[in-house]
Amino acid sequence: MSELRVRFAPSPTGYLHVGGARTALFNWLLARNQGGTFILRIEDTDVERSTKESVDAILEGMKWLGLDWDEGPFYQSDSFPLYKEYVQKLLDAGKAYKCYCSAETLDAKRTLAMQEGRKPKYDGTCRETADSPGDQPYVVRFRAPEGGVTSFDDLIKGAITFPNEELDDLIIQRTDGTPTYNFCVVIDDASMRITTVIRGDDHVNNTPRQVQLYEALGFPVPQFAHVPMILGSDKARLSKRHGATSVIVYRDMGYLPEALINYLVRLGWSNGDDEIFSSEEMIQKFDIGNVGRSASVFNTEKLNWLNAHYIKNGDPERLADLLLPHLSALEVTTLNGPELMSVVKTLQERAQTLVEMAERAVFYYNAPVSYDEAALAKFDKELLLTVFAAVTAKILTATANNAVEVDALFKEVCAENSWKMGQVGQPVRIALSGGTQAPGIGEIVVTLGVEETVRRINKISEHLKAAKA
């Protein structure tokens with residue numbers, strides 16, 4: 001059996017879409033599972049729409065996800081001479097012909113066919129014409145079989161058959177001499193010795209035409225696996241109106257690559273009831289036969305759950321590095337303040353995204369300039385001042401090296417004054433962070449340090465005294 005060779009072949013007309021990323025992932029996993037080769041090919045024959053920015057965005061997205069390729073990236077635009085060579089081979093063999101029908105003529109034929117209830121396909125006017133009408137522009141059409149069927153066994157969908165009478169003579173070269181998509185794909189896949197084509201099921205209707213081209217050129221026909229599309233919550237095809245669809249946007253929204261990869265692999269593929277997979281586990285367990293035939297619905301809540309899992313269990317040092325750009329976006333500098341890794345340790349238990357973590361980390365570096373007045377109003381001001389004085393005295397005179405010991409100090413303060421923890425913990429949390437949504441008091445105090453903690457408690461005490469005056 002020949003070595004498995006698969007490819008991911010995006011068009012550089014935009015960013016790397018999550019649907020494209022999942023297709024790339026399935027190809028990558030199959031190659032890694034079977035010790036095959038994963039090839040990256042950029043299909044840039046649409047010169048008007050293809051841009052370097054899009055190429056860069058695709059490569060950036062692939063690298064961020066960790067989908068490393070073994071060969072490439074190759075560019076279709078570099079293969080124009082090869083395409084022309086094979087067009088000529090088909091012409092010489094009588095398996096293709098020049099069609100001189102104008103666009104207006106073709107439009108009229110289509111309109112008439114629809115009026116008569118016929119399928120609006122090309123009627124073969126130039127199929128048997130030997131005479132060339134001078135310098136008139138022409139396209140090159142593939143001479144498709146007129147009878148019988150074209151079939152292939154899809155690794156996901158099973159056996160698929162198309163009656164040949166439903167397929168017209170495909171244009172393989174335009175009037176300007178450029179080759180068309182279906183023709184380029186066949187030449188590329190054959191020349192790259194692709195053995196298995198995994199792609200979205202919007203390409204199913206292209207496959208019989210491509211199979212016919214493989215056979216006409218004497219190329220081995222690869223196996224096909226058409227992956228069902230990804231839908232939005234309204235069961236329509238996933239698009240920008242459902243939220244972010246670009247892989248890089250998910251990075252900028254604070255998602256971890258391992259979370260997005262884990263989420264994408266479960267959109268259509270399953271291994272029992274397992275939900276959490278490392279890359280190594282995905283590679284070991286992936287089987288293209290376990291990809292379902294039905295479309296998958298993108299669920300942001302599920303992605304958030306997975307992202308929270310990976311943040312909670314992530315390496316604090318790595319998370320700190322990933323958090324820096326998100327803090328910079330909030331104009332927060334970490335030069336003066338606690339070690340960022342220590343801050344991360346206090347936040348990773350509860351954060352769903354790095355953006356959320358960055359927002360919750362701000363108070364560690366920027367002391368609050370205002371407070372949750374509604375929350376403060378629930379406490380008597382005189383009691384608050386007494387609480388803050390007692391807490392400050394305890395922190396300054398006792399030794400506490402970790403969050404557990406700090407929490408014990410707060411319990412001592414409560415016991416000594418017959419206070420409940422809610423009367424002490426919540427006001428101090430507001431003093432230190434400005435609000436009520438923050439890590440545990442012990443974690444905050446240890447991370448900020450005694451000096452900064454006392455400074456902030458004194459500051460809110462002065463705020464209360466000024467409001468009281």
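The values are calculated or read from the model by the stated rules, or taken from the named source; none is laboratory data. This structure is a prediction, so every number in the text was calculated from the model and none was measured. Neighbour counts run over all protein chains shown; Cβ positions are idealised from the backbone, glycine included.
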message = Given the criteria hydroxyl-bearing (Ser, Thr, Tyr) and modelled with pLDDT of 95 or more, does Thr447 qualify?
response = yes
remark   = Checked against (1) over 17 Å from the mean Cα position of the chain (by Cα); (2) assigned by TED's automatic domain parsing to the domain that holds Leu65; (3) in a loop (DSSP other than H, G, I, E, B); (4) of a type in the set (Gly, Ala, Ser), Gly289 satisfies every condition except (3)
task = Filter the range 74-107 for residues that are surrounded by fewer than 12 Cβ atoms within 10 Å (Cβ to Cβ), closer than 22 Å to Glu146 by Cα and either among the small types (Gly, Ala, Ser) or not assigned by TED's automatic domain parsing to the domain that holds Asp123 (or both) and give the result.
result = Gly94
message = Residues to consider are Ala130, Ala144; find the one that is under 21 Å from Ala96 (Cα atoms), assigned by TED's automatic domain parsing to the domain that holds Lys89 and at pLDDT below 90.
response = Ala130
request  = Looking at (1) free of Cβ contacts under 8 Å to residues at least 40 places away in the same chain; (2) in contact with a helix residue (DSSP H, G or I) (Cβ under 7 Å, 6 or more places away or on another chain); (3) of a type outside the set (Ser, Thr, Tyr), find the lone condition where Gly422 falls short.
outcome  = (2)
message = I'm checking my understanding of the structure. Among residues of the range 217-256 that are exposed (fewer than 14 other Cβ atoms within 10 Å of the Cβ) and more than 14 Å from the chain's Cα centre (by Cα), which one is modelled with the lowest pLDDT?
response = Arg241
Residue, nearest to Tyr250 (Cα to Cα), within the range 278-312, restricted to residues that are small (Gly, Ala, Ser) and in contact (Cβ under 8 Å) with a residue 24 or more places away in the chain = Ala308
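One line per residue, one yes/no per condition, for (1) surrounded by 20 or more Cβ atoms within 10 Å (Cβ to Cβ); (2) of a type in the set (Asp, Glu); (3) touching a strand residue (DSSP E or B) at 6+ places or on another chain (Cβ under 6 Å); (4) more than 16 Å from Val369 (Cα to Cα):
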{"position": "Arg429", "(1), (2), (3), (4)": "yes, no, no, no"}
{"position": "Gly434", "(1), (2), (3), (4)": "yes, no, no, no"}
{"position": "Ile444", "(1), (2), (3), (4)": "yes, no, no, yes"}
{"position": "Gly449", "(1), (2), (3), (4)": "no, no, no, yes"}
{"position": "Val454", "(1), (2), (3), (4)": "no, no, no, no"}
{"position": "Glu462", "(1), (2), (3), (4)": "no, yes, no, no"}
{"position": "Ala466", "(1), (2), (3), (4)": "no, no, no, no"}
ask   = For the range 7-16, does any single residue satisfy the condition of being buried (at least 21 other Cβ atoms within 10 Å of the Cβ) and out of contact with any strand residue (DSSP E or B) (no Cβ under 9 Å at 6 or more places or on another chain)?
value = no
query = Only one of (1) crowded, with 21+ Cβ neighbours inside 10 Å; (2) among the hydrophobic types (A, V, I, L, M, F, W, C); (3) more than 19 Å from the chain's Cα centre (by Cα); (4) in a helix (DSSP H, G or I) fails for Leu260. Which number is that?
reply = (3)
inquiry  = So, Ile194, is that one surrounded by 21 or more Cβ atoms within 10 Å (Cβ to Cβ) and touching a strand residue (DSSP E or B) at 6+ places or on another chain (Cβ under 9 Å) or not?
reply    = yes
remark   = Across (1) surrounded by 19 or more Cβ atoms within 10 Å (Cβ to Cβ); (2) modelled with pLDDT of 95 or more, Gln34 clears everything bar (1)
ask   = Among the listed residues Thr436, Thr386, Thr397, which satisfies the condition of being hydroxyl-bearing (Ser, Thr, Tyr) and under 27 Å from Val344 (Cβ atoms)?
value = Thr436
query = Which of the residues belonging to the range 292-313 are among the hydroxyl-bearing types (Ser, Thr, Tyr) and in a loop (DSSP other than H, G, I, E, B)?
reply = Ser294
